[in-house]
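Below is one structure, written out as C-alpha cells; comments come after it.
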Amino acid sequence: MDWIRMKSGDLSAFERLYRAHVQPMMRYGLKITDDPALVQDCIQDLFEETWKNRQHLSDTPYPKYYLLRALRNKLSKALSKQSFVRNGELNLASGELLSGYVELEIVARETENLNRETLRHLLDELPRRQQEAIHLRFYHNVSYENIAEMMDMNYQSVLNLVQRALKALRKGFSVKVPRR
C-alpha cells in the first residue's frame with residue numbers, strides 16, 4: 001500500500017518505505033561490497049531517484065525486492081566505475097540471491113556454526129600449553145607479556161608457542177573446511 005501511496009506523492013508513505021527497508025538494504029549491500037560508505041551513498045541515491053521518478057515506477061506488491069534489485073544494480077555500476085570489483089563479488093548478488101535472501105542468511109549462520117565447531121575441535125587437538133596460550137590471548141585478550149608471566153615463560157617463547165598454535169589451527173582448518 002505504501003508503494004502505491006508513495007507513487008501518488010504521499011511523502012509519509014515514502015518515509016515509511018525508507019524506514020522499513022533501509023536496514024535490510026544496508027545488510028544486503030554489505031554482502032556485495034565491504035564499503036559501507038558506498039552502500040549508504042547508493043541507498044541514498046536510490047531513494048532520491050525513486051522519489052523523483054515515482055510516477056513512472058511500476059506497481060509492485062514486493063517493494064523490498066524491487067529496492068534490493070535496484071540497489072544491486074546501482075552498486076554494480078558504482079563498483080565498475082571504481083574498477084576495484086573483485087572476481088565474484090557481483091555473482092554473490094545474483095537475482096537468485098534476491099529471491100533466496102532468507103536462505104542465504106540461514107546458510108551463512110550454518111556455515112558460521114560449522115566453522116566454530118571445527119575451530120573448537122582443532123583447539124582441543126592442540127597441546128595443553130598451546131591451548132592455554134591461545135585461550136588467554138584470544139578469548140581473554142591477555143597481553144603476551146602477561147601470558148609469559150602467568151605461564152612462567154619468557155616473552156619470545158610465548159610468541160613462538162602462539163605462532164605454532166596458530167599455524168596448526170590454520171593448517172587444520174584448511175584441511176577440514178572445504179574451500180570454494
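Some values worked out for this structure:
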{"read-out": "Pairs, first more than 15 Å from residue 24 (Cβ to Cβ) in region 65-82, second open to solvent by 20 Å² or more (accessible area, probe 1.4 Å) and not in a helix (DSSP H, G or I), C-beta under 7 Å, six or more apart", "value": "79/85"}
{"read-out": "In region 1-33, the residues that are within 22 Å of residue 76 (Cβ to Cβ) and loosely packed, with under 11 Cβ neighbours inside 10 Å", "value": "23"}
{"read-out": "Contacts under 7 angstrom Cβ, first residue in region 8-36 being in the same structural domain as residue 73 (by TED's automatic domain parsing), partner in a loop (DSSP other than H, G, I, E, B) and surrounded by 15 or more Cβ atoms within 10 Å (Cβ to Cβ), 6 or more apart", "value": "31/93; 32/93"}
{"read-out": "Meets criteria (modelled with pLDDT of 85 or more, surrounded by fewer than 14 Cβ atoms within 10 Å (Cβ to Cβ) and over 17 Å from the mean Cα position of the chain (by Cα)) for residue 44", "value": "yes"}
{"read-out": "Hits in region 43-59 (condition: in a loop (DSSP other than H, G, I, E, B) and within 22 Å of residue 78 (Cβ to Cβ))", "value": "53, 57"}
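The values are calculated or read from the model by the stated rules, or taken from the named source; none is laboratory data. Keep in mind that this is a model prediction, so the values were computed, not measured. As a convention, Cβ positions derive from the backbone with ideal geometry for all residues, glycine included, and neighbour counts pool all protein chains shown. In case anyone asks, the SASA skips ligands and DNA or RNA and just uses the protein heavy atoms, side chains included. Shrake-Rupley method; radii C 1.70, N 1.55, O 1.52, S 1.80 Å.
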